[in-house]
Amino acid sequence: MSTEYDRYVSPLSERYASKEMQYIFSPDMKFKTWRRLWIALAETEMELGLDITPEQVAELKAHAEEINYEVAKERERVVRHDVMSHVYAYGVQCPNAKGIIHLGATSCYVGDNTDIIVMTEGLKLVKKKLVNVMAALAKFALEYKDLPTLGFTHFQPAQPTTVGKRASLWLQELQLDYEDLCYVLDGMKLLGSKGTTGTQASFMELFDGDEEKIREMDRRIAKKMGFAACFPVSGQTYSRKMDTRVVNVLAGIASSANKFANDIRLLQHLKEIEEPFEKTQIGSSAMAYKRNPMRSERICSLARYVMVDALNPAMTTSVQWFERTLDDSAGKRLSVPEAFLAIDGILDLYLNVASGLVVYPKVIEKRLMSELPFMATENIMMDAVKAGGDRQELHEKIRVLSMEAGRNVKERGLENNLLDLIAADENFGLSLEDLKKTMDPKLYVGRAPSQVKEYVEQFIEPILKENEELLGVTAEIKV
């Protein structure tokens with residue numbers, strides 16, 4: 001007996017992607033869009049003088065939302081052609097209009113135009129979620145722009161930065177993704193109705209060679225479907241380069257999300273910053289005390305999938321023979337929807353994590369202070385020179401004392417006692433009290449607080465203001 005548990009179900013739909021994104025790539029969205037395109041074609045052909053009546057167009061519109069799936073499925077078993085099966089099913093509902101459905105068009109008229117429409121709607125939803133993640137990170141960056149933290153290069157202690165400044169780096173990568181996304185979204189065009197090899201020969205026949213009417217047909221179809229234009233030239237299909245451009249944008253967002261999530265995983269290990277943790281959440285089946293960064297890990301896992309998935313459209317684009325081949329179809333049905341579903345899940349996770357980051361200032365301060373004496377040695381040396389010391393001699397002494405303090409920390413497990421060692425050396429002429437005055441972390445973060453404020457105000461706030469109607473999204477995490 002068949003049940004819902006006896007077949008493969010994609011985890012992208014079951015665990016990760018939102019209902020909104022799932023609907024965009026659903027059969028219902030696809031086939032209703034096919035009908036909208038058939039209506040746009042028939043209506044445009046009527047407007048341009050073909051023998052199609054307003055009653056026939058009205059009949060098509062009356063049944064646009066009523067997909068008779070069983071009729072289409074049964075017909076496809078016979079003819080083995082999905083588009084002609086749905087032409088037939090639509091004709092069953094519209095007996096007066098069945099003779100003019102799909103007039104002059106090829107399968108790619110509905111298939112390819114629908115793919116463009118669906119990807120465009122998907123990009124709009126990605127943009128909405130991306131803007132909300134940017135808003136969350138901007139808020140976090142401003143809140144912690146003044147909080148000094150140990151910086152790392154090569155994951156080794158380096159000059160201090162601030163928590164907010166580090167967040168601005170995550171934010172800037174999303175800004176670049178946003179710019180790429182807007183560029184691609186603004187460049188989305190319909191295929192239009194180009195015919196079997198893109199020459200519109202069938203329409204030359206229908207319109208008795210009137211090329212201006214054929215050009216106008218594409219313009220009107222684009223407008224009716226909410227697009228500014230159709231591609232000026234094509235084979236039977238739109239260039240698969242569009243799929244490559246779209247999925248590359250998604251892969252770029254995935255890369256940025258992966259960088260953020262990796263940093264959070266490392267910071268959670270250091271106990272400086274943690275992702276949100278629910279009161280009833282279980283971190284480990286064995287170790288009840290654990291708080292694993294499971295959402296950040298999931299972001300990384302899904303992000304890798306999207307980045308690898310981007311290879312598929314690129315390879316498909318590269319091997320399309322002449323005016324078209326059909327080896328694009330099966331891979332396209334997988335790679336494009338799954339990239340969107342995965343990036344949708346990633347952005348929901350990103351928003352959830354970025355909106356609920358838990359910061360531990362005392363841990364951050366303790367780690368920074370344990371390393372700060374090494375980083376303050378340049379300032380200490382300058383103070384000693386001002387007091388009459390020799391710069392070259394002092395440099396060598398600081399080098400030797402730093403090595404000794406380092407051994408105390410690494411080999412003996414002691415606290416960093418560099419300041420005590422310097423205070424005990426009469427060559428520096430500085431008391432421990434003098435040296436402790438150099439231990440204010442804010443003296444070593446440079447322009448970090450100002451950089452954060454300026455960056456958010458000049459670059460991020462204009463984006464958020466421009467997209468104000470998209471803000472206010474909250475992320476629902478299924479697992």
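Karplus-based coupling profile of segment 370-379, in residue order and whole Hz: 5, 9, 4, x, 5, 6, 8, 4, 4, 5, with θ = phi - 60° in 6.51 cos²θ - 1.76 cosθ + 1.60 and x standing for Gly or Pro. Please work out whether segment 1-145 counts as rounded, prolate or oblate from its C-alpha gyration tensor, where a ≥ b ≥ c are the square roots of the eigenvalues and a/c under 1.5 means rounded, while otherwise a/b larger than b/c means prolate and anything else oblate? Taking the square roots of the gyration eigenvalues as a ≥ b ≥ c, segment 1-145 is oblate. To the nearest Å, what is the center-to-center distance of segment 343-365 and segment 30-57, using C-alpha atoms only? Centre-to-centre (Cα) distance: 50 Å.
Multiplying the residue separation of Val359 and Gln156 by 0.36 nm and subtracting their alpha-carbon distance yields 71.0 nm.
Enumerate lysine pairs in segment 364-444 that are 8 or more residues apart or on different chains, then count those whose Cα atoms are under 19 Å apart. The number of close lysine pairs in segment 364-444 is 8.
For every other residue with a beta carbon closer than 12 angstrom to the beta carbon of Ser431, add +1 if it is Lys or Arg and -1 if Asp or Glu, then tell me the sum. Here the count lands on -4. Which of the lysines could be linked to Lys98 by a straight reach, that is with a Cα gap under 27 Å, when you skip same-chain ones fewer than 8 residues away? Result set, ordered by chain and number: Lys30, Lys32, Lys61, Lys73, Lys194, Lys213, Lys223, Lys224.
A simple count of charges around Phe25, restricted to other residues whose Cβ falls under 15 Å of its Cβ and scoring Lys, Arg +1 and Asp, Glu -1, yields -3. Bridgeable lysines around Lys129 (alpha carbons under 21 Å apart, same-chain partners fewer than 8 residues away excluded): Lys19, Lys139, Lys259, Lys465, Lys478. At a Förster radius of 25 Å, what calculated FRET efficiency corresponds to the Cβ-Cβ distance of Glu212 and Glu469, to the nearest 0.05? Efficiency for this residue pair is about 0.05.
For segment 364-444, the percent of C-alpha pairs falling in each 10 Å distance bin, counted from 0 to the bin holding the largest distance, reads 18, 54, 25, 2.
Annotation for segment 293-334 versus segment 166-236: alpha-carbon center distance of 22 Å. A crude spin-label estimate for the pair Val233 and Glu461, with each label 7 Å from Cα along the Cβ direction, gives 4.8 nm. Here each label is just a point 7 Å from Cα along the line to Cβ, and for Thr317 and His269 those points are 3.6 nm apart.
Looking at the chain, the pairs of alpha carbons with a distance over 28 Å make up 64% of the total.
How charged is the neighbourhood of Val456? Take every other residue with its Cβ under 13 Å from the Cβ of Val456, and add Lys/Arg as +1 and Asp/Glu as -1. Charge balance in the 13 Å sphere: +1.
Just so you know, all these numbers are worked out from the coordinates, no wet-lab data involved. Model, not experiment: these values are computed from the prediction. Positions of Cβ are generated from backbone atoms using ideal geometry, with glycine treated the same way; all protein chains shown enter the neighbour counts.
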